[in-house]
Amino acid sequence: MLNHLYGLMVQPRRQWQEIAGLSEKGLNRQIPYVIILALVPALCWYFGTTEIGWNIGGNGQVRTLTSNSALSLVAVFYVTMILAVVAVGYFIHWMAKTYGAKSNPMKGMVIAGFTATPIFVAGAAGLYPILWLDILLATLAVAYAVYLLYVGIPIVLNVNEERGFLFASAVVTACLVMAVVVMVGTVLFWSFVAAPVFQH
């Protein structure tokens, strides 16, 4: 797992080629990658929001979440990350035939999981919640994840660069739609199920 993590961050093209060479059994062994790596942002944000806190409204007052509130929010956050990877993976598999690629659901999920690597790693910024820094790191992480997707799809699915570009663009569009759905779901969750509860 650490080899893939390091390779994708430093030598993405070579790492995608190694991933493309995995057998079906080898792909199945990659399942723990996302399950474990998604714990990084979840645990970091739990610690950051309960122990360090946010400066809300720029008034100098730092507020932290209660442990129970943070636990419920982080649990939903973790499950949402896993489900997002699964959904994107199935979309990649579903679209593969359109672009002349051979795929299976596991291959799609492996591509989606490895593509999300920089986002999971950037989630470690939650240890010390600073709004401007978190937004900057999230932007850089998403940009690098998109780059990984554009590099990885042609290699892993064995399609030419032109088709790979169109394929990756379709996946990015689906991810944008999913991001909007998640944001709406977050607002509804906070409004009707479990709003953040701050310590006083």
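The values are calculated or read from the model by the stated rules, or taken from the named source; none is laboratory data. Everything numeric in this text was worked out from a predicted model, so none of it was measured. Virtual Cβ from ideal backbone geometry, glycine too; neighbours counted across all protein chains shown. When the accessible area is computed, the model is the full protein with side chains, heavy atoms only, and any ligands, DNA or RNA have been set aside. Shrake-Rupley method; radii C 1.70, N 1.55, O 1.52, S 1.80 Å.
When residues in segment 91-105 are screened for being surrounded by 16 or more Cβ atoms within 10 Å (Cβ to Cβ) and within 19 Å of the chain's Cα centre (by Cα), 3 of them pass.
Selection of segment 186-200 for residues being in contact (Cβ under 8 Å) with a residue 24 or more places away in the chain and surrounded by 13 or more Cβ atoms within 10 Å (Cβ to Cβ) yields PHE189, ALA194, PRO196, VAL197, PHE198. Among the residues of segment 76-104, the ones that are under 30 Å from GLY126 (Cβ atoms) and either touching a helix residue (DSSP H, G or I) at 6+ places or on another chain (Cβ under 8 Å) or touching a residue at least 24 places away in the same chain (Cβ under 8 Å) (or both) come to 15 in all. If you go through segment 136-172 and keep only what is open to solvent by 80 Å² or more (accessible area, probe 1.4 Å) and free of Cβ contacts under 8 Å to residues at least 40 places away in the same chain, you end up with LEU136, THR139, LEU140, ASN160, GLU161, GLU162, PHE165. The residues of segment 125-135 that are open to solvent by 40 Å² or more (accessible area, probe 1.4 Å) and outside any loop (DSSP other than H, G, I, E, B), listed by number, are LEU127, LEU131, TRP132, LEU133, ILE135. Looking across LEU22, LEU8, one residue alone is among the aliphatic types (A, V, I, L, M) and open to solvent by 20 Å² or more (accessible area, probe 1.4 Å). It is LEU22. When VAL79, VAL88, VAL121 are checked against the criterion of being open to solvent by 50 Å² or more (accessible area, probe 1.4 Å), closer than 17 Å to ALA143 by Cα and out of contact with any Phe, Trp or Tyr (no Cβ under 8 Å at 6 or more places or on another chain), VAL121 stands alone in meeting it.
Only residues that are more than 18 Å from the chain's Cα centre (by Cα), in a helix (DSSP H, G or I) and of a type outside the set (Ser, Thr, Tyr) were counted across segment 170-200, and they come to 5.
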